[in-house]
Every structure is written in structure tokens, then in C-alpha cells.
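K.L.:
For reference, the structure I am asking about is given below.
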Amino acid sequence: MSYTRAGEGGALRTYESMAPVYDDFTVGHDYEGWLTDLLKILEVHGLTGRRLLDVACGTGKSFLPMLPRGWQVTGCDLSPAMLALAEEKAGDSVELSVADMRELPELGEFDLVWALDDAINYLLSAEELEKALCGMRDNLAPTGLLLFDVNELLVYRTFYAETTVVEQRGRRLTWRGLGPVGADADSIFESRLEVEQVDGDGTGEVLEEASMHRQRHFPEAEVLAALDRAGLECLGIYAHGLDGVPVQPLDTSIHTKAIYIARRA
Ligand SMILES: C[S@@+](CC[C@H](N)C(=O)[O-])C[C@H]1O[C@@H](n2cnc3c(N)ncnc32)[C@H](O)[C@@H]1O
């Protein structure tokens with residue numbers, strides 16, 4: 001694993017602390033099925049080649065299903081702890097580096113650049129989004145495609161407002177949605193993930209400091225404007241609910257995620 005410039009700030013702390021339980025907390029996410037559907041959409045938009053840059057690849061869940069499909073994968077993330085887990089799974093088969101997507105270095109020329117599973121929502125302003133998109137654009141091959149998802153408001157009105165408990169391998173992971181942050185910053189939402197060791201009688205002992213998750217909602221108009229400013233052309237917007245099956249059009253009353261596909265303008 002190589003180290004470029006690691007960013008500072010909330011998401012770094014969040015994921016350095018969440019890394020040991022990330023795979024357990026997301027155990028129910030079907031990446032094989034999700035990525036299969038995303039690749040079908042990308043093919044409709046002219047995907048060619050097999051070089052992938054997975055931005056904010058975390059523990060590798062968003063690139064591992066690409067390896068048996070013959071893709072050459074490069075991954076980067078803000079969090080060294082998340083990347084260490086990706087490296088344990090992928091070994092030398094993947095090029096991994098610590099990088100902040102707001103200052104993404106040129107890591108190569110890629111047929112596909114993607115940032116999956118809420119990574120974009122950890123950017124906290126339209127300016128940060130634009131910077132990240134510029135960096136992704138600079139890593140695209142001339143005919144390369146960019147794909148990323150963003151959480152829709154429905155996620156913040158449900159998951160980010162409720163408590164969800166996942167028990168895995170003797171640990172209880174409690175997600176406490178805290179809702180909007182501040183009166184005039186209602187597009188930023190917070191949640192807290194607590195980790196406890198569960199005893200036989202169901203009582204829990206706190207294992208480590210909770211990780212705080214702070215995400216921003218990006219409405220469609222804001223994403224389209226940022227793409228435009230970053231020199232990218234939006235080719236399509238898809239959406240899905242908790243089933244993860246992408247459809248059109250985006251309906252914010254039922255969809256939890258929007259998926260944007262773009263190329264160099
Ligand atoms: C929900 S995880 C998704 C990880 C992976 N893509 C997946 O699907 O499992 C979000 C990831 O975004 C990373 N992240 C957040 N802000 C980032 C930034 N500014 N630059 C790079 N990575 C960032 C976190 O470290 C974390 O690994």
C-alpha cells in the first residue's frame with residue numbers, strides 16, 4: 001500500500017474507528033448483485049476496457065467482485081485502517097493508496113472510476129463535491145466512465161433518524177440516527193455507531209469509542225451543477241430502494257440512492 005496525501009477531518013476519524021466492524025455492520029449488503037446491475041447499466045453507456053479506480057474503496061467490498069471478472073483494480077481511501085483490511089483480502093492483486101478524494105492525485109488512466117456506498121455523502125459542501133469530481137475526471141481515460149451513488153433524503157428521514165441494531169460475532173453494533181445537524185444546516189445529518197461485546201445474558205460492554213457519521217444530502221440540481229463545473233457530462237441518473245436494483249426515473253419518495261453516470265464533457 002502506498003501513501004499519498006491523507007486528508008484530515010471527520011470522515012477520517014469516523015472510518016479509522018469504524019474499520020474493525022465495517023464488514024460486520026454491512027454484512028447484509030449484496031455487492032455481487034449490486035455491482036452486476038451497475039455494470040449492465042455502464043455497458044449501456046458504452047463501457048469498454050477493464051481498468052477500475054475505486055475511490056473510497058474502504059475494506060474492498062466495492063472492488064472485490066471485479067477481480068474474478070478480470071478487472072485491473074486500483075483503490076484509494078482516506079482511512080489507512082479501512083485500506084489495511086482491503087489489503088488483507090486482495091493482497092498484491094490490487095494497487096492501494098491512501099488518498100483524500102478532495103485532492104485526488106493522478107493514479108492512472110481508467111476505463112471506469114467509481115465511488116460507491118455513500119462515500120460522496122461524506123463530502124460536506126458543493127465545493128468539496130466539485131473538487132472530488134475534478135480529481136475523478138483527471139483519472140478517466142478519454143472514453144472512460146464515472147459512476148457514483150448519493151443517498152437520497154429518504155435515507156436521512158429513516159436510517160439517519162432511527163436506531164438500527166446488527167449483532168455479529170458476539171458484538172452488538174447500534175446505529176443511532178441523530179437527524180439533522182443545527183437549525184440552518186438541515187442538509188447535514190449525523191449518526192453514531194456504538195460497539196458492544198454481548199454477554200450470554202444479552203448485556204453489553206462498550207468495546208470502543210463510538211464512530212460519528214456526518215453526511216450531507218446532495219440534491220440532483222446540485223450534483224448536476226457540480227458535474228458541469230468539473231467538466232463532466234451527465235449521461236444518466238438511475239435510482240434504487242433497499243433492493244439495490246437500479247431503475248429510472250429517480251423518485252425521491254421511494255428511492256434511497258441516486259446513481260449518476262458521467263464522462264468527460
Ligand atoms: C460507507 S464506506 C464505503 C466503502 C466502500 N466503497 C464500500 O462500498 O464498502 C465510505 C468510505 O468513504 C471513505 N471516505 C470518506 N471521505 C473520504 C474522502 N474525502 N476521501 C477518500 N475516502 C473517503 C471512508 O474512509 C470510507 O471507507
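The values are calculated or read from the model by the stated rules, or taken from the named source; none is laboratory data. Because the structure is a prediction, the values reported are computed rather than measured. Reconstructed Cβ throughout: ideal geometry from the backbone, glycine too, with neighbour counts over all protein chains shown. With ligands, DNA and RNA removed, areas are computed over all heavy atoms of the protein, side chains included. Shrake-Rupley method; radii C 1.70, N 1.55, O 1.52, S 1.80 Å.
K.L.:
For R176 and D138, what is the calculated FRET efficiency with R₀ set at 25 Å and r taken between the beta-carbons, to the nearest 0.05?
P.N.:
0.05
K.L.:
Go through L207, L250 and list them by solvent-accessible area, largest first, probe radius 1.4 Å.
P.N.:
The residues order as L207, L250, largest area first.
K.L.:
When only C-alpha pairs under 8 Å and at least 6 residues apart count, what is the relative contact order of region 89-193, in percent?
P.N.:
Working: 134 pairs, mean separation 22.4, N = 105.
21 percent.
K.L.:
Work through the residues other than E109 whose Cβ is under 10 Å from its Cβ and net out their charges, Lys, Arg +1 and Asp, Glu -1. List each step's numbers first, then the result.
P.N.:
Working: positive: R51; negative: E106, D111, D138.
Residues near E109 contribute -2 overall.
K.L.:
Right, here's the next one. Restricting the count to DSSP beta bridges whose residues both fall in the chain, what percent are antiparallel, rounded to a multiple of 5?
P.N.:
If I count the DSSP bridges inside the chain, around 65 percent turn out antiparallel.
K.L.:
Using the heavy atoms of the protein chains alone and a 1.4 angstrom probe, what is the accessible area of the chain per residue in square angstrom? Numbers along the way, then the final one.
P.N.:
On the way: 11660 Å² over 265 residues.
So the chain comes to 44 Å² accessible per residue, rounded to a whole number.
K.L.:
Taking the Cα centre of region 144-203 as the origin, how large is its charge dipole in debye, to the nearest 20, when only Lys and Arg (+1) and Asp and Glu (-1) carry charge on their Cβ atoms?
P.N.:
Here region 144-203 has a charge dipole of around 140 debye.
K.L.:
To continue, here is another question. Could you tell me which of rounded, prolate or oblate describes region 1-157, using a ≥ b ≥ c as the square roots of the eigenvalues of the alpha-carbon gyration tensor, with rounded for a/c under 1.5 and, failing that, prolate when a/b is larger than b/c and oblate otherwise?
P.N.:
Numbers: a/c = 1.19, a/b = 1.15, b/c = 1.03.
It is rounded, given that a/c, with a ≥ b ≥ c, falls under 1.5.
K.L.:
If you don't mind, there's one more thing I want to ask. Which residue, E103, E128, E209, has the most motion in a Gaussian network model of the chain that connects Cα atoms within less than 10 Å?
P.N.:
E209
K.L.:
Of E167, E106, which has the most accessible area and how do the rest follow, probe 1.4 Å?
P.N.:
Ranked list, largest accessible area first: E106, E167.
K.L.:
With a 1.4 Å probe and every protein chain left in place, tell me how much accessible area C57 has, in Å² to the nearest 10.
P.N.:
Rounded to the nearest 10, the figure is 10 Å².
K.L.:
While we're looking at this one, here's another question. Need one number: the % of Cα-Cα pairs in the chain sitting beyond the 32 Å mark.
P.N.:
Counting every Cα pair in the chain, those more than 32 Å apart make up 18 percent.
K.L.:
Would you work out the charge dipole size for region 34-171 about its Cα centre, treating the Cβ of every Lys and Arg as +1 and the Cβ of every Asp and Glu as -1, and quote it to the nearest 20 debye?
P.N.:
The dipole magnitude comes to about 400 debye.
K.L.:
Hey, another quick one. Taking amide hydrogens as modeled 1.01 Å from N in the peptide plane, which residues meet the under 5 Å criterion relative to T26, leaving out close sequence neighbours?
P.N.:
Those qualifying (amide H under 5 Å, at least 5 residues apart or on another chain) number zero.
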